[in-house]
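Trainee: Okay, here's the structure, questions in a sec.
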Amino acid sequence: MGKTIAQKIIASHLLSGEMIKGTEVGLRIDQTLTQDATGTMAYLEFEAMGIPRVKTELSVAYIDHNTLQSGFENADDHRFIQSAAKKFGLRFSRPGNGICHQVHLERFGIPGKTLIGSDSHTPTGGGLGMLAFGAGGLDVAVAMGGGAYYIVMPKMTRINLHGRLGAWVSAKDVILEVLRLMSVKGGVGKIIEYGGEGVKTLSVPERATITNMGAELGATTSVFPSDEITYEFMKAQGREADWCEIKADDDAEYDEIIDIDLSALKPAAACPHSPDNVKSIEEIGSIKIDQVCVGSCTNSSFTDMLKVAHILKGRTVADNVSLTVTPGSKQVYNMLAECGALADMIAAGARVLECTCGPCIGMGQSPVSAGVSLRTFNRNFLGRSGTKDAQVYLVSPETAAASAIAGVLTDPRTLGNMPAFTLPDSCLVNDNMIIMPADEKESETLSTVKGPNIKECPIGEPIPADIVCNCVLKVGDNITTDHIMPAGAKILPYRSNIPHLSQFCFAVCDESFAERAKKAGKGIIVGGENYGQGSSREHAALVPLYLGIKAVISKSFARIHADNLVNAGIIPLVFDNPADYDLIEQDSELRLDGIRAAIENGTDPVLTVGGRNIVLHAKLSERQREILLAGGLLRKTGSGK
């Protein structure tokens, strides 16, 4: 039997386990990346391991999230990350050089390589034919130290793309259609692989838009073949020597096959407050809008920006609309300036922001109260924009620009003929904002630099024989990491200060949670389906750990968050019968008698509540059981106290 693209890359990087669906495999990791919202903790963890230098082929520390410096906290984090990169052997991408996924695609990604990043949108690299995974910071730290990265061997889903996109219909509309078909939990336990003759009609940046938002499916990762289109992209970056062809075998078998006719797609939007709440622009209608934001790791490529500039040229942004444009990298920014497209956007009234994540993570540009904001981003979770009652729609750059001019949600197909937008044969390459690390001899003399806001990482405790405590919080389905540990300009500066950060935990759901959890001393959280979807931020596990959370019981978990809970030393448990969720109330006393023995022996734990016994499952590998018994990954490796 032939192999899929993903199976080929997994097979060539397999360190432990067998490629049997549902079993754990350990992979050799070639490259890692971090960003500054998660990087500080990752490098504190790497430093705690006592390993003098990274052992990967390439590791890059990016500064792209916390760039609003209204106090010393973000600047101190950046200084620490830069000092850690220099000492430990990483390249350092300075503030302003660009969004990690866009820059990595341009300058560092290599087909057939493995990549993990402490950001859930790391699968963007799949647009180049990489096997790229979002992961928690501790998993990235372990990989930098030469350790394996573990996943449960996924099912393989093939999405065949047929035909060609119509005028003003874009790659964003493709992934929105996939989300409409599969939902935000439809990709759980799967790798999404794209094929069909329609693939040849998509550029690498378009493919990267699609793999980027595979994270919103809950997929393990997404990947495109590496072909002549990939070669031309890498040649334009002066990196054609790194190219290799990767494609699925003709007789490869898939667990699921989905066919999409590109020519039948229409401009679409994900409506509030979920990326899978997808409708066509025609269905939604001409609603009045207040804000348009173009950019993010999903849609900030050079061709995305050229389309926006073309639509804006000679026009003026509507009176009722605030328009921001964020180029994804310094390369994109420079090329826009050189070709005149930047001037066209500025003349139309666009506010050009620095090359960072910015509004996508609530770092500035929050909408007006109850405002309607169109964003070319990847997530529209409640409150993520910084305005809790905002109505955020996810759209393509074409729809965004057309709507910014009209002042209402507008189908870009009304713009008439669409010119061809193609990548140049040669891109402007200037890596002067990448700082190289010290050599091994010099690194021995260097120290990391920590500011007063940088606190130690909390360390878990070995599982006790029994756990008896209250349900300190009960939540519903599709709880995101933004619910658990919000982002935004007011909160992100404290990502390296877990004690201070803890006061914001679950504030979106229950503002009293942090205070109640501290008062209780220990507790259990109960959730519904797809608990922990969204970002890879390990803070959504570390902060509950700090607040005394011993276990989370849910109907199902998102992959990365479940891994992060285990690494922190919090037990993720799943209801055998999802209906048992209804038997638990907030503040119910919960008993997990014999929980240590159950984890140790791999048996089903039993929860006692109100005199009734509820069977749970601990869906853990032997390695994960050992981690939990030890009190978390840092304690197991000997790095914890």
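Trainee: Could you figure out which of (1) in contact with a helix residue (DSSP H, G or I) (Cβ under 6 Å, 6 or more places away or on another chain); (2) in a strand (DSSP E or B) isn't true of residue 393?
Mentor: (1)
Trainee: So, of the residues in segment 37-76 that are outside any loop (DSSP other than H, G, I, E, B) and touching a strand residue (DSSP E or B) at 6+ places or on another chain (Cβ under 7 Å), which turns out to be surrounded by the fewest Cβ atoms within 10 Å (Cβ to Cβ)?
Mentor: For segment 37-76, the residue satisfying everything is 58.
Trainee: Which of the residues that make up segment 87-106 are surrounded by fewer than 23 Cβ atoms within 10 Å (Cβ to Cβ), touching a strand residue (DSSP E or B) at 6+ places or on another chain (Cβ under 7 Å) and among the charged types (D, E, K, R)?
Mentor: 91, 94
Trainee: Another one. Can you find, within segment 273-327, the residue that is farthest from residue 102 (Cα to Cα) among those that are of a type in the set (A, V, I, L, M) and assigned to a helix (DSSP H, G or I)?
Mentor: 284
Trainee: Do we find a residue being in contact with a Cys (Cβ under 6 Å, 6 or more places away or on another chain), among the polar types (S, T, N, Q) and farther than 25 Å from residue 19 by Cα anywhere in segment 165-181?
Mentor: no
Trainee: Moving on. Which one of 568, 514 is among the aliphatic types (A, V, I, L, M), in contact with a helix residue (DSSP H, G or I) (Cβ under 7 Å, 6 or more places away or on another chain) and touching a residue at least 40 places away in the same chain (Cβ under 8 Å)?
Mentor: 568
Trainee: Among the listed residues 463, 479, identify the single one that is modelled with pLDDT of 95 or more, buried (at least 21 other Cβ atoms within 10 Å of the Cβ), closer than 17 Å to residue 384 by Cβ and among the hydrophobic types (A, V, I, L, M, F, W, C).
Mentor: Being modelled with pLDDT of 95 or more, buried (at least 21 other Cβ atoms within 10 Å of the Cβ), closer than 17 Å to residue 384 by Cβ and among the hydrophobic types (A, V, I, L, M, F, W, C) holds for just one of 463, 479, which is 479.
Trainee: Are there any pairs, at least 6 apart or on different chains, whose C-beta atoms fall under 8 Å, with the first in segment 603-619 and at positive phi and of a type outside the set (D, E, K, R) and the second surrounded by 14 or more Cβ atoms within 10 Å (Cβ to Cβ) and assigned to a loop (DSSP other than H, G, I, E, B), and if so, which?
Mentor: 610/588
Trainee: Still on this model: Can you work out which of the residues in segment 620-641 that are surrounded by fewer than 16 Cβ atoms within 10 Å (Cβ to Cβ) and at pLDDT below 95 is nearest to residue 468 (Cα to Cα)?
Mentor: 641
Trainee: Would you pick out the residues in segment 390-408 that are within 19 Å of residue 275 (Cβ to Cβ) and either surrounded by fewer than 23 Cβ atoms within 10 Å (Cβ to Cβ) or not assigned by TED's automatic domain parsing to the domain that holds residue 272 (or both)? Before the answer, list the steps.
Mentor: Of the residues in segment 390-408, the ones within 19 Å of residue 275 (Cβ to Cβ) are 390-400, 403.
Result: 391, single match.
Trainee: Look at segment 396-421 and say how many of its residues are out of contact with any Pro (no Cβ under 6 Å at 6 or more places or on another chain), in contact (Cβ under 8 Å) with a residue 24 or more places away in the chain and part of a loop (DSSP other than H, G, I, E, B).
Mentor: Final tally of qualifying residues: 8.
Trainee: Which residues, counting only those in segment 328-364, are part of a loop (DSSP other than H, G, I, E, B), modelled with pLDDT of 95 or more and not small (Gly, Ala, Ser)?
Mentor: First pass over segment 328-364, keeping only residues part of a loop (DSSP other than H, G, I, E, B): 328, 340, 349-350, 353-357, 362-364.
Subset that is modelled with pLDDT of 95 or more: 328, 340, 349-350, 353-357.
Correct list: 353, 354, 355, 356, 357.
Trainee: Can you tell me which residue in segment 338-379 is nearest to residue 409 (Cα to Cα), limited to those that are touching a residue at least 60 places away in the same chain (Cβ under 8 Å) and basic (Lys, Arg)?
Mentor: Ranking the candidates gives 375 first.
Trainee: Can you name every one of the strands (runs of 3 or more DSSP E) wholly within segment 91-161 that holds 2 or more residues which are assigned by TED's automatic domain parsing to the domain that holds residue 24 and under 14 Å from the mean Cα position of the chain (by Cα)?
Mentor: 114-117, 131-134
Trainee: Going by the structure shown, is residue 425 acidic (Asp, Glu) and either within 19 Å of residue 306 (Cα to Cα) or part of a helix (DSSP H, G or I) (or both)?
Mentor: Yes: the conditions hold for residue 425.
The values are calculated or read from the model by the stated rules, or taken from the named source; none is laboratory data. Quick caveat: nothing in here was measured; it's all calculated off a predicted structure. Glycine gets a Cβ as well: all are built from the backbone with ideal geometry, and neighbour counts include every protein chain shown.
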